[in-house]
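> This is the structure, below, for whatever I ask next.
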Amino acid sequence: MQSSGSYASKRVYIETFGCQMNENDSDRVRSLLTSIGYVETQVPENSELILLNTCTVRDKAEQKVYSLLGRFRKLKSERPSLVIAVLGCVAQQQGVELLKRVPFLDMVVGPQNLHRLGDLIETVKDGSERVVATEQSETIEADEYTAPASVDGPKAFVPIMRGCNNFCSYCIVPYTRGREVSRGAAEIVGEISGMVFRGVKEVTLIGQNVNSYAPFRPRETEPYTDFAGLLEEVACIDGLERIRFVTSHPKDISKRLIRLFGSEPKIVSSLHLPVQSGSDRILELMGRGYTASEYLSKVKLLKNASRGISLSSDIIVGFPGETDKDFAATMALIEEVRYDNLFSFKYSPRPGTRAALFEEQVEAEVASERLQILQKRQREISAENSMALKGSYIEVLVEGPSKGDSEEKSGRTPCNRVVNFSDLPDFNVEVGDLVELLITDVYPNSLRGTYHERGLLCS
Ligand code: 5AD
Ligand code: SF4
C-alpha cells in the first residue's frame, strides 16, 4: 500500500447501488482510501475522485448509472484531473465496452479487484492511461479482505463468501460475481472478534448463497466446516449477542441449520428466504431446484424450530410464461407463509441469461398490475403481523438517538423493526445495550416501546 503523503487531503465521492454485498464492498473501499489519505465528501463537485459502485441485477439499476455518468461529464470537462471510476457489477459485465461508451471514464473495476484500487488510481491519475480491471479468480486472494469495513455502532456486516453457482435462469449475478468461493472460518471468526472488541454486538454474515458456504481445505486433514458449523463457531465469540445471515437459498438450507434456530440463542429469529414464485412450473423454468410444497415444508420446520420466527422473501412477477394461474399460486403462497417483509420485483431480462431468450415474455402492463396486487396484499399482511406485536415484550438492540426526536432512543428488534422509546431517568441506556421493551404502539414503519417492570436485560 502506498504512503499517505502522495494522496494527502484528496476527497472522494462514493455512490453505491444494489445489495448488501455492494454496500460492504464500498465500506471496504472507504477503509482502503482512508488508509491512503482520502477523505469522503458528499458533494461530487468538490471531489478529486468519483466512484460509482454499481448493480446490474435489474435494468433500472443499470440505467441509473448511465444517467449519473451523464451528469459528471461536465465536471470532467471543467476539471480533467478529476478521476471517475465505475466499480462493481456493471463494471464487471461491461468491461472495456464501458470505456468505449463513456469516453471520459478513467477506470472500470470489477468486484474482485477493488483491493487494487490504490494502485489503479496511481496508474490513471496523470490522465495518460485508462484501466479495466475485471479479472476473476477461483480463489480468494490473500489481500482481498485486508481492508475490513470500518466499525461504526453496534452492528456490522461480514462477507463469508462471494459468487454464486446456481445460475437461476433470470439472474446475472453468477456472471458478474463469478463462482462461489468461501473465506476460511478462522479468518472470519478473527475479523468478527476484532469487531466485537471495538463494540459490535450484532453481526450479519453475508454472501449470495450463504448456505453453500464451503471453505477450501488445502489438506484433507483440515476440519470440514459447513455453514451450520461456521455459525456455531461464530456463536462462541464472547461479547457477540446477535447473529444474522443473508441470503439463504431454500434448496440448500439444511435441517441442522433449521435446528440451530431453536438451540442457539444468538441466532436471531428472523430469516430472509427468497421464494421467487409460488408456481412449480415457474420455479422449474427459473431453475430454483425446489417446489412450492418443498419450500413450505421448510417454512413449517422453521416455524416449529423457532416460534414467531420473522420471515421475509423476494418475489419476481411477470417471469416469461407466467400465467394468471401461476400468479394466483404466488398469491396463495404469501397467504400461507405470511411474511413480515417482501421485496417484489417485475422481471427484467438480463443480457446473457437463459430467461432473456425465453419466448412468451409477459407484457409490461400485466406485470405491473400483478406487482401492484401483490404489494397491496403484502402491505396488509405486514401491518397485521406488526399489530400482533402490540402488548408483547421484545428484545431491542439500542442503536442511537431516534431519527424523529433526538431526546428519544432507537433500536431494532430481532426481526429488524425499528423501535423508538424514551430513556428512563434511572437507567442510562447506551448504544449497544440490549433492553427488553413492552410494545405500546405500532406505526407503518416503526414501533413504540417502553420499559416495564421486566426492565433491563443486560448492558
Ligand atoms: N429481474 C427481476 N428481479 C431479479 N432478481 C434477480 N434477477 C432479477 C431479474 N432479472 C431479484 C430476485 C433476487 C433479488 C436480489 O433480485 O428476486 O432474489
Ligand atoms: Fe442469482 Fe439464483 Fe445465485 Fe441468487 S441463487 S444470486 S437469484 S443465481
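The values are calculated or read from the model by the stated rules, or taken from the named source; none is laboratory data. Small disclaimer: the values here were computed from a predicted structure and weren't measured. No Cβ is skipped: glycine too gets one built from the backbone with ideal geometry, and neighbour counts run over all protein chains shown. All accessible areas refer to the heavy atoms of the entire protein, side chains included, with ligands and DNA or RNA removed. Shrake-Rupley method; radii C 1.70, N 1.55, O 1.52, S 1.80 Å.
> Could you say which residue among 241, 233 is more than 16 Å from ligand 2 (Cβ to nearest atom) and touching a residue at least 60 places away in the same chain (Cβ under 8 Å)? Show your work before the answer.
Details: 233 fails: touching a residue at least 60 places away in the same chain (Cβ under 8 Å).
One residue alone meets the criteria, 241.
> Checking the conditions here, which among 407, 395, 384, 399 is open to solvent by 40 Å² or more (accessible area, probe 1.4 Å) and at pLDDT below 90?
The conditions single out 407.
> Does residue 370 satisfy the condition of being modelled with pLDDT of 95 or more, in a helix (DSSP H, G or I) and either within 16 Å of ligand 1 (Cβ to nearest atom) or not assigned by TED's automatic domain parsing to the domain that holds residue 292 (or both)?
Considered against the rule, which asks whether it is modelled with pLDDT of 95 or more, in a helix (DSSP H, G or I) and either within 16 Å of ligand 1 (Cβ to nearest atom) or not assigned by TED's automatic domain parsing to the domain that holds residue 292 (or both), residue 370 comes out as yes.
> Which of the numbered conditions does residue 177 fail, given that it passes all the others? Conditions: (1) open to solvent by 20 Å² or more (accessible area, probe 1.4 Å); (2) within 16 Å of ligand 1 (Cβ to nearest atom); (3) closer than 22 Å to residue 113 by Cβ.
(1)
> Right, here's the next one. Do we have any residue at all in the stretch 262-275 that's more than 21 Å from residue 417 (Cβ to Cβ), of a type in the set (Ser, Thr, Tyr), over 25 Å from the mean Cα position of the chain (by Cα) and not assigned by TED's automatic domain parsing to the domain that holds residue 211?
Checking the stretch 262-275: not a single residue is more than 21 Å from residue 417 (Cβ to Cβ), of a type in the set (Ser, Thr, Tyr), over 25 Å from the mean Cα position of the chain (by Cα) and not assigned by TED's automatic domain parsing to the domain that holds residue 211.
> So how many residues does the stretch 53-69 have that are under 24 Å from residue 353 (Cα atoms) and among the aliphatic types (A, V, I, L, M)?
Selection size over the stretch 53-69: 3.
> Condition first: within 15 Å of residue 14 (Cβ to Cβ) and of a type in the set (A, V, I, L, M, F, W, C). Now tell me which residues in the stretch 76-89 satisfy that.
Answer for the stretch 76-89, where residues must be within 15 Å of residue 14 (Cβ to Cβ) and of a type in the set (A, V, I, L, M, F, W, C): 82, 83, 84, 85, 86, 87.
> Listed residues 273, 302; which is modelled with pLDDT of 95 or more, within 16 Å of ligand 1 (Cβ to nearest atom), under 30 Å from residue 396 (Cβ atoms) and of a type outside the set (Asp, Glu)?
From the options 273, 302, the qualifying one is 273.
> Looking at residue 190 and the list (1) within 16 Å of ligand 2 (Cβ to nearest atom); (2) open to solvent by 30 Å² or more (accessible area, probe 1.4 Å), which single condition is not satisfied?
With (1) within 16 Å of ligand 2 (Cβ to nearest atom); (2) open to solvent by 30 Å² or more (accessible area, probe 1.4 Å) applied to residue 190, the lone miss is (1).
> Conditions first: (1) at pLDDT below 95; (2) of a type outside the set (Asp, Glu); (3) in a loop (DSSP other than H, G, I, E, B). Residue 348 passes all but one, so which condition is the exception?
Tallying (1) at pLDDT below 95; (2) of a type outside the set (Asp, Glu); (3) in a loop (DSSP other than H, G, I, E, B), residue 348 fails exactly one: (1).
> Can I ask one more? Sort out which residues of the stretch 327-345 are in a helix (DSSP H, G or I) and open to solvent by 10 Å² or more (accessible area, probe 1.4 Å), and write them in order of number. Even if it seems obvious, please write down each step before you answer.
Our first condition is that a residue be in a helix (DSSP H, G or I); within the stretch 327-345, this holds for 327-337.
Scanning the stretch 327-345 gives 327, 328, 329, 331, 332, 335, 336.
> Tally the residues that are within 18 Å of residue 69 (Cα to Cα), within 16 Å of ligand 2 (Cβ to nearest atom) and surrounded by fewer than 20 Cβ atoms within 10 Å (Cβ to Cβ), restricting the search to the stretch 19-57.
Adding up the residues that qualify gives 0.
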